[in-house]
Amino acid sequence: MDMSLRQRLVVIGNGMAGMRTVEELLKRAPGLWRITVFGAEPRPNYNRILLSPLLAGEKTFDDIIINDWDWYRDNNIHLVTGDPVVAIDRDRRTVTTAGGVTTGYDVLLIATGSNPIVLPLPGKDLDGVIAFRDVSDVETMTAAAAKGGHAVVIGGGLLGLEAAYGLVQKGMGVTVVHLIDRLMERQLDHAAAALLRTDLEGRGIQFRLSANTKAIHGAERVTSVELADGEMLPADLVVMTVGIRPNAELARSAGLTVERGIVVDDTMQTSDPAIFAVGECVQHRGVCYGLVAPLWDMARAIADQLVGKEAAYTGSLLATRLKVTGVDLFSAGRIDGGEGSDAITLADPSRGRYRKLVLEGDRLVGAVLYGDAADADWYLDLIKDGRDIASMRDMMVFGEAIAAGGVTSPSASAAALPDTAEICGCNGVCKGDILRAIAEQNLTSFDDVKGYTKAASGCGGCAPKVQQIVASALGASAVVPTEKPICKCTHHSHDAVRKAIVEQDLQTIPDVMQALDWRTPDGCASCRPALNFYLLVAWPGVYQDDPQSRFINERAHANIQKDGTFSVVPRMWGGVTNSTELRAIADVVDRYEIPAVKVTGGQRIDLFGVKKEDLPKVWSDLNAAGMVSGHAYGKALRTVKTCVGSEWCRFGTQDSTSMGIALEQMTWGSWHPHKVKLAVSGCPRNCAEATIKDFGVVAVDSGWELHIGGNGGIHVRATDFLCKVDTDAEVLEYCAAFLQLYREQARYLERTAPWVERVGLASIKAQVVDDATGRAALAGRFRYSQRFFQIDPWAEAAKGHQAHEFRSLVPAE
Amino acid sequence: MVTWTDVCAVTDIPQQGARTLPGPDGQIAVFRTASDTVFAILDRCPHKGGPLSQGIVHGQAVTCPLHNWVIDLETGEAVKPDQGCVRRYPAKVVEGRVLIVTVPALTEAA
Ligand code: SRM
Ligand SMILES: Cc1cc2nc3c(=O)[nH]c(=O)nc-3n(C[C@H](O)[C@H](O)[C@H](O)COP(=O)(O)OP(=O)(O)OC[C@H]3O[C@@H](n4cnc5c(N)ncnc54)[C@H](O)[C@@H]3O)c2cc1C
Ligand code: SF4
Ligand code: FES
């Protein structure tokens, strides 16, 4: 088709509703319209819902992109970002941007979303007072949180609580100020709100309910928030989450009918038939929405009309889930039954469980679930269908399995759903859509289904149900998610690359990139370190380590600090030290004017603020006292934490300190997919915290218990018990075998905890415990590799290895 | 007149690496790519001042060691979605020597 003859569709707003409409249109008739998109944000289209997990550090920006730059290019969409539209000329059918670009349209789609409401308080314009709406707000919050301190969140609704949770996760103290006497009052009744409050207090969030904010104080930057009752809350950051207002100014100034939002009829047309509007900026049948579910229906209705079909949107029923990890909360429909309604409740406060169903006659009209929202979809379907529930009324509060009589298996219940049952509320995907996509597009896996239908790509709450449907249509094997590519430079996954390295005998990073068709000339900061690691595990003693493919810490053998200086951590075997080592450290601190000295959580000493050019001298002096690198900077063996054990402790059953030192001497210098920490405790009181380490050893009267896969970091995970052994030699052999298995199997940047969960404890036991020959072979490969890696990198650098790394250039003049 | 300063031999900089030298506006980072092109920019990330010279170099870009912004060495601009720009200094290789221009007034126009 001739490009210039096609009708022109212009979209204002590169957000969720606008792009969903474009996606729906492309699905129906790719190439039919010439599409131009204007977005005020300097980014491709991302999933706004997932800003909460982005803030909490549970997702990255890449994870939340819906359509990346390539998508626009591949679909011939002209995308203008960072340049908002400031005027619409309806007579000439053009839009004009702030940057002065004017573009003509045949049909215009307004999808400008909404703006956060800013309370007209004194101090609202101070630095550090923000809303929670887009990626730049998350960046501001993340930067503020990096300095610690205290945040005040004004508004205890869904957004406010998700912001508060994210900030607590990032290490800030957080107080939520809420005008009403209960949290999320639009979605929760008193009982559920009280449980939620207790839960969130347990996560370190403080609350001031029934509290009104009077003023925000500070000179340039906010310092405190004053409440109406006079209380002053210290504040380094204020997040206002008191509500949103449709962003309809542009439409208003173009003369379209605007009340609270841009008024549209059931066809989603505005008062000008050439202009549609979609998303949070619209007002439909008197309602302005603030959740995504309605967008999907609106987008479909508009797309149908753009390809010449009749369609109507008639309104949506809303359901809410709170995206705070570990809090299971669901609310839909009417929750405070009024005249003529009944409520059935089930409360188990000490277990944190609560259910309330609101009935009108024999129909379900609302539900609140707290603590266990597994039946949420079932209740939502019942509310939507308006089915007569008289026959199960007395049982329905216990959930589908019991009310529907007898225990149903999950996949059987998925199979029993009608095609019209909505599965993914975030994306408005029904069971029929999934089955049709599988049949028509020949989809073969859960990931395909997710990518094509978008089911389970929003908050993820429906993933189990989508998996059941995929499994019942394609068999269980289809559900196993296919592994992602390492990064954008390649379509190969970590596992595929590792396999190819060994099978095709690839010996260097350029070899790998060439053999596996890398898309970039020399990779990026994600794939190069991974390849370097895979090669050195595959070819110990042969592969030449590539310093330029290592993160600066591993290249400079020290941890970079935020001001560009470095920290230095010498090894203290098993946490044991003596006067010579301490004196050497003290001397180094004086000699190089090292500003800070701290005892670490890993039982050794960290010297902070060392200038880069001083590093080789500091190391040389420490080496002279017999100390070597602690690898506190590496994806490597870090520390072996010990307790005093039987040598001194009245409870000690074995010499845990010596065991720890032996383990550290065997394992130091080894490189791993991620950092590795060990610990040895002298008795089950476990003072060395061995049960949150990658490999933990706990002494018992008759020997040693071995534990694996613990993690104390972002997500705490206690170890799994591997086995019990009798002798010290066995501890060493099992440890070497376990670590080698991890080195050979895990993906780069995967710690032992997620690796154990991915491959399963059984598979590790089979290889490390049950198969004695295999174990010996693994341990042998570990020890062989150690012959090449137990070289102190500090001694090397002090001797002048990689000297350029530490020296500034002096221009010849 | 533009003054080109001889700062080092190309081989003094590791491929896919960088060295630094003091300049009028702060440390200057001189990069050498895998294909031996050299670039000079201020050693200060537009995000939070991270030392770009310490980052991983790939293609004609460097990834900042502090928070992983990617800076295009040719334009000095952060690769989207990030936004920001770092000062560039003209740089070239003549007979195996790296020459750069550091006079502040000239660098902007160049
Ligand atoms: C120095 C120390 C804190 C202290 O003052 O005590 C520390 C400091 C850092 N930790 Fe840690 N961690 C320290 C013990 C811990 C512990 C406690 C422990 O090992 O017993 C943990 C939790 C246990 C665990 O790892 O399971 C811990 C969990 C983390 C995490 C989260 C890891 C996770 O799996 O979730 C990170 C981030 C990462 O590695 O990606 C991290 C990252 C960091 C980094 C490297 C941040 C960075 O990338 O720059 C810090 C470097 C400081 C520096 O410049 O030296 N640090 N870090 C501790 C050094 C121990 C040592 O002697 O080597
Ligand atoms: C932190 C957070 C968590 C959320 N969690 C949930 C949840 O769990 N469940 C749920 O259902 N909903 C949730 N929401 C709400 C959901 O994100 C919104 O309902 C949805 O994004 C609305 O889509 P939209 O396209 O109408 O608006 P947006 O996604 O905001 O898109 C509008 C876009 O238009 C751009 N724009 C505005 N004016 C102009 C102009 N003049 N020119 C060019 N571009 C312009 C804006 O920059 C914006 O990018 C959440 C929202 C936030 C902020
Ligand atoms: S030392 Fe560890 S816990 Fe402390 S600020 Fe750094 S990364 Fe966070
Ligand atoms: S300072 Fe460079 S990315 Fe933050």
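The values are calculated or read from the model by the stated rules, or taken from the named source; none is laboratory data. None of the values given here were measured: they were computed from a predicted structure. Neighbour counts are summed over all protein chains in view; Cβ atoms, including those assigned to glycine, are modelled from backbone coordinates with ideal geometry. To get the accessible areas, we keep the full protein, side chains included, count just its heavy atoms, and leave off ligands, DNA and RNA. Shrake-Rupley method; radii C 1.70, N 1.55, O 1.52, S 1.80 Å.
Taken together, the criteria place A:G156 among residues that are closer than 20 Å to A:V138 by Cα, out of contact with any Cys (no Cβ under 7 Å at 6 or more places or on another chain) and not in a strand (DSSP E or B).
So, in region A:751-780, exactly how many residues are among the basic types (K, R) and open to solvent by less than 50 Å² (accessible area, probe 1.4 Å)?
First, pick out the residues of region A:751-780 that are among the basic types (K, R): A:751, A:758, A:765, A:775.
Of the ones still in play, those that are also open to solvent by less than 50 Å² (accessible area, probe 1.4 Å) are A:751, A:775.
Result for region A:751-780: 2.
Residues that are over 18 Å from A:L295 (Cα atoms) and within 13 Å of chain B (Cβ to nearest Cβ) were ranked within region A:14-56; the one that is nearest to ligand 2 (Cβ to nearest atom) is A:E41.
Using the structure shown, decide if B:A61 is more than 9 Å from chain A (Cβ to nearest Cβ) and small (G, A, S).
Working: more than 9 Å from chain A (Cβ to nearest Cβ): no; small (G, A, S): yes.
So B:A61 does not fit the description; no.
Of the residues A:T198, A:T267, A:T223, which single one is at pLDDT 95 or above, of a type in the set (S, T, Y) and over 22 Å from A:D137 (Cα atoms)?
From the options A:T198, A:T267, A:T223, the qualifying one is A:T267.
If I filter region A:781-800 for residues that are in contact with a Ser or Thr (Cβ under 9 Å, 6 or more places away or on another chain), assigned to a helix (DSSP H, G or I) and surrounded by fewer than 16 Cβ atoms within 10 Å (Cβ to Cβ), do I get at least one hit?
Initially, region A:781-800 is screened for residues in contact with a Ser or Thr (Cβ under 9 Å, 6 or more places away or on another chain), giving A:782, A:785-786, A:789-790, A:792-795, A:797-799.
Checking the rest, the ones that are also assigned to a helix (DSSP H, G or I) come to A:782, A:785-786, A:789, A:793-795, A:797-798.
Adding the requirement that they be surrounded by fewer than 16 Cβ atoms within 10 Å (Cβ to Cβ) leaves A:795.
Among the residues of region A:781-800, at least one is in contact with a Ser or Thr (Cβ under 9 Å, 6 or more places away or on another chain), assigned to a helix (DSSP H, G or I) and surrounded by fewer than 16 Cβ atoms within 10 Å (Cβ to Cβ), which makes the answer yes.
Having 1 or more residues that are buried (at least 16 other Cβ atoms within 10 Å of the Cβ) and under 40 Å from the mean Cα position of the chain (by Cα) is the bar; report the strands (runs of 3 or more DSSP E) wholly within region A:558-676 that clear it. If you could, list the steps in order and put the result at the bottom.
Values: elements: A:566-568, A:596-599, A:605-610, A:637-642.
Qualifying strands (runs of 3 or more DSSP E): A:566-568, A:605-610, A:637-642.
In region A:108-144, of all residues being loosely packed, with under 15 Cβ neighbours inside 10 Å and in a helix (DSSP H, G or I), the one that is farthest from ligand 1 (Cβ to nearest atom) corresponds to A:S136.
Residue check: B:E77 meets all listed conditions (1) more than 9 Å from every other protein chain (Cβ to nearest Cβ); (2) in contact with a Cys (Cβ under 8 Å, 6 or more places away or on another chain); (3) over 27 Å from A:R519 (Cβ atoms) but one, namely (3). Assessment of region B:46-67 against the conditions (open to solvent by 30 Å² or more (accessible area, probe 1.4 Å), touching a residue at least 24 places away in the same chain (Cβ under 8 Å) and away from ligand 4 (no atom under 16 Å from the Cβ)) yields at least one matching residue. The condition (being within 14 Å of chain B (Cβ to nearest Cβ), surrounded by fewer than 20 Cβ atoms within 10 Å (Cβ to Cβ) and modelled with pLDDT of 95 or more) is satisfied by just one residue among A:T508, A:T520: A:T508. Yes or no: region B:71-83 includes at least one residue that is over 30 Å from A:D134 (Cα atoms), surrounded by 15 or more Cβ atoms within 10 Å (Cβ to Cβ) and away from ligand 2 (no atom under 16 Å from the Cβ). Within region B:71-83, none of the residues are over 30 Å from A:D134 (Cα atoms), surrounded by 15 or more Cβ atoms within 10 Å (Cβ to Cβ) and away from ligand 2 (no atom under 16 Å from the Cβ). Quick one: is B:P14 under 24 Å from A:N559 (Cβ atoms) and more than 12 Å from ligand 4 (Cβ to nearest atom)? When the stated conditions are applied, B:P14 passes them. Counted as qualifying within region A:243-291 are the strands (runs of 3 or more DSSP E) with 3 or more residues that are within 32 Å of the chain's Cα centre (by Cα), namely A:244-246.
Residue by residue, here is whether (1) over 17 Å from A:D199 (Cβ atoms); (2) over 32 Å from the mean Cα position of the chain (by Cα); (3) modelled with pLDDT under 90 holds:
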| position | (1), (2), (3) |
| --- | --- |
| A:T345 | yes, yes, yes |
| A:R351 | no, no, yes |
| A:Y370 | no, no, no |
| A:A373 | no, no, yes |
| A:A376 | yes, no, yes |
